[in-house]
Amino acid sequence: MNLSAIYHRCQDNYCYCLDEDTIVISIRTGYEIEQVTLLHTDPFKTGIMGGGHRLTGTPLKMTEKKRLENHIYWTARIKPKFKRLAYYFLIETENEQIYLYEDRFYTPDEVKSYTGRQQLFMFPWMNPSDIIRTPDWVNQTIWYQIFIDRFCNGNKEIDPKNVKPWRAPDKSVHPFDYYGGDLVGITSKLDYLSKLGITGIYLTPICKGKSNHKYDTVSYTQIDPHFGSDEDMALMVKNAHKRGIRVMMDGVFNHSGAFFKPWRDVLKNGPESKYYDWFMINKWPLSKTGRNAVNGYYYAFAFVDGMPKLNTNNPKVIRYILKVISSWIKKYDIDAIRLDVAGEISHTLCKAMHKTLKSLKPDFYILGETWHDSIPWLRGDEFDSVMNYPFTDSVNDFWLDQTKTSTDFEYAINRCFTLYPEQINQVLFNLLDSHDTIRLVTKLKSIPKFYQQLSVLFTMPGTVCIYYGTEIAMEGNHDPDCRRCMPWAQIMKGEYYDKISIIKKLIHLRKTIPALRSNDYEFVDISSVISLPEPPISSIESDTFNKTAVSFGVTSSDNITVPCEVTSSDSINAPDEVISSDRNNTSGEADISCDSVDTDSTDLSDQYSRVISYIRKDDSENAYMVIINCAKISLPININKNDILFALEYKNKELHYNGVLIYRLSH
């Protein structure tokens, strides 16, 4: 038995209150372990602490398991009668047993002969105020991130002087371009977003800044004049709420911009400025030749001199930031905040922020931008969630690295959802691209893979966010090219009808089927789902993608893949916005190719190793199967047509390469 592979701690994701009655306990072991038993009892069952009594736990086999790359993650749930718990573990292989107490491992003989005080794991008390509570509405929300300058120009009177004509979606943009997108423009497209199925808008910064992105804040109390006014923002939020759409602002409090008044005062008055300690200055005077950040004169975002780092340990800075965010809630009635560079702001500020904002709006959603394991911020008194970039990377890695198998994918996804308690998983902010990354379809260089990844995104725990333009498979390379202009003229002509219809269907499924957004998922081997014959080479498919092969409703028992149909009442294009509807138009796809298939391959032993399959369940035990075929072969799957919810490249009872199939297992 590999004892070094075994790990447990009585806190965070390994031991926590799920609710006022339930404790969730997990332990990590190596793969040689066949069974883990949780032995639990009340710590006072046989006497008070320090007495000569001994505790013997009631056994509970840990049956929930998730496979990680080098470990098994075991989980059990227990409802302590008296709201407290003492426990230890019995860990077994085929021919060995070991006990794990808090202090160390014990053999069965050592447990019997030990006369000292048992150092069991202890959960002293299930205090209601210590339970992690996240907003219920977030799990059901479909977020849509908007980079404001490139979304829609609704008021040309407030355009910057150097504004450029709205650019076609196949044309790159540059770091210092302005195109005039604004809040009025967003308001004008709320009906479009509502019909798409969007229920949450995530705005990049709206406060006054010098750049087009506004992450270089000049004023935290003024809307950027090229975006609009306080009235424009309040009206946009009000109209969004009328349509059932929540609004999240971006808070940039790790750093300010170079023209933030307190920073200008520091530059003028140096150590005599009353704002000197609002920033993290190490040397004075500053260098007149620049490169102050990289040479350690003061700390900044990355090494950008024009973004000096705010001292979020300073009580005066904390009070200022809390006052700013509180004013946003009161003035605009926003529902959430995304904190930029959240991992670098102080825990002191984060805790104060949680207390203040939740007192103003108990179901307010606090999201942190981090790119890594973030458990220190997710203990219930700071953030509700973080941007789930580990999930983004795990999904992308599988499609970009053709040597990875579905087992590798399972390990990676399981890691993402074993990092945190279930309440956090329920609202984890899942995304595949953003204003900070290359656009998904450009990274993949493949429309079929693009829709496969989106199918994963919409069928995993957490909350879903798509970047503006995802619904039309908009292209864009790394920042700033990922911030291209939204092609409204083409959209309103119906040129992206098929693409929008696919996204709309995925959104509809996510919103109407609770199982697809629950925490209950289980990866299964495709061979346990369907009967797989030995694949002949002739069955290997060429990597093509029928751009109308989307099953929204089945009309033939022999050919499930049919042209997508959206009824006029559900059409994303309102009648007054549509000139025509060309369903076969492939605008925007010219540079995106499908993969080629190595039809000369004779190694068939691993043909099915890149088929992803997992089951999703809800609290009522309704179950749904998700199959994503990344293997270069067709899968024979005979499904009752009435159980099929979504299909790409499913024809003649076969799921072809690059296909997706989501269907009902039970009613």
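The values are calculated or read from the model by the stated rules, or taken from the named source; none is laboratory data. In this text, all values refer to a predicted model and were calculated from it rather than measured experimentally. Using ideal geometry, Cβ is built from the backbone for each residue, glycine included, and neighbour counts are taken over all protein chains shown. Heavy atoms of the whole protein, side chains included, go into the accessibility calculation; ligands, DNA and RNA do not. Shrake-Rupley method; radii C 1.70, N 1.55, O 1.52, S 1.80 Å.
May I ask you to list the residues in region 210-227 that are part of a strand (DSSP E or B) and surrounded by fewer than 24 Cβ atoms within 10 Å (Cβ to Cβ)?
Restricting attention to region 210-227, the residues satisfying the condition of being part of a strand (DSSP E or B) are 217-223.
Those that are part of a strand (DSSP E or B) and surrounded by fewer than 24 Cβ atoms within 10 Å (Cβ to Cβ): Val218, Ser219, Tyr220, Thr221, Gln222, Ile223.
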Inset, instruction - Could you check, for region 349-368, whether at least one of its residues is among the hydroxyl-bearing types (Ser, Thr, Tyr), closer than 25 Å to Ile223 by Cβ and open to solvent by less than 70 Å² (accessible area, probe 1.4 Å)? - result: yes
Inset, instruction - With a cut-off of at least 1 residues that are hydrophobic (A, V, I, L, M, F, W, C) and surrounded by 17 or more Cβ atoms within 10 Å (Cβ to Cβ), name the strands (runs of 3 or more DSSP E) lying wholly within region 17-90. - result: 23-29, 35-41, 72-78
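Would you check which residues across region 358-402 are of a type in the set (Ser, Thr, Tyr) and closer than 15 Å to Ile325 by Cβ and list them?
Of the residues in region 358-402, the ones of a type in the set (Ser, Thr, Tyr) are 359, 365, 370, 374, 385, 389, 392, 394.
Ser359, Tyr365, listed by residue number.
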Inset, instruction - Check region 299-317 and report whether any residue there is loosely packed, with under 14 Cβ neighbours inside 10 Å, touching a Gly at 6+ places or on another chain (Cβ under 8 Å) and farther than 21 Å from Trp377 by Cβ. - result: no
Inset, instruction - Starting from region 157-183, take each residue that is more than 14 Å from His213 (Cα to Cα) and assigned to a loop (DSSP other than H, G, I, E, B) and list its partners that are open to solvent by 40 Å² or more (accessible area, probe 1.4 Å) and modelled with pLDDT of 95 or more, counting only C-beta distances under 8 angstrom and pairs at least six apart or across chains. - result: Asp159/His226; Pro169/Gln490; Ser172/Asn477
Legend entry - Test set (1) of a type outside the set (D, E, K, R); (2) touching a Phe, Trp or Tyr at 6+ places or on another chain (Cβ under 9 Å); (3) surrounded by fewer than 24 Cβ atoms within 10 Å (Cβ to Cβ) - Leu635 fails condition number: (3)
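Looking at this structure, is Tyr99 open to solvent by 40 Å² or more (accessible area, probe 1.4 Å) and of a type in the set (Phe, Trp, Tyr)? Even if it seems obvious, please write down each step before you answer.
Values: open to solvent by 40 Å² or more (accessible area, probe 1.4 Å): yes; of a type in the set (Phe, Trp, Tyr): yes.
Spelling it out, Tyr99 is indeed open to solvent by 40 Å² or more (accessible area, probe 1.4 Å) and of a type in the set (Phe, Trp, Tyr).
Every residue, every condition in (1) free of Cβ contacts under 8 Å to residues at least 40 places away in the same chain; (2) open to solvent by 10 Å² or more (accessible area, probe 1.4 Å); (3) out of contact with any strand residue (DSSP E or B) (no Cβ under 6 Å at 6 or more places or on another chain), yes or no:
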residue	(1), (2), (3)
Asp401	yes, yes, yes
Thr407	no, yes, yes
Thr418	no, yes, no
His478	no, yes, yes
Cys485	no, no, yes
Ile500	no, no, yes
Leu516	no, no, no
Legend entry - Close pairs (6 angstrom Cβ cut-off, 6 or more residues apart or separate chains): without any contact (Cβ under 8 Å) to a residue 40 or more places away in the chain in region 253-281, among the basic types (Lys, Arg) and open to solvent by less than 50 Å² (accessible area, probe 1.4 Å) anywhere: Met280/Lys309
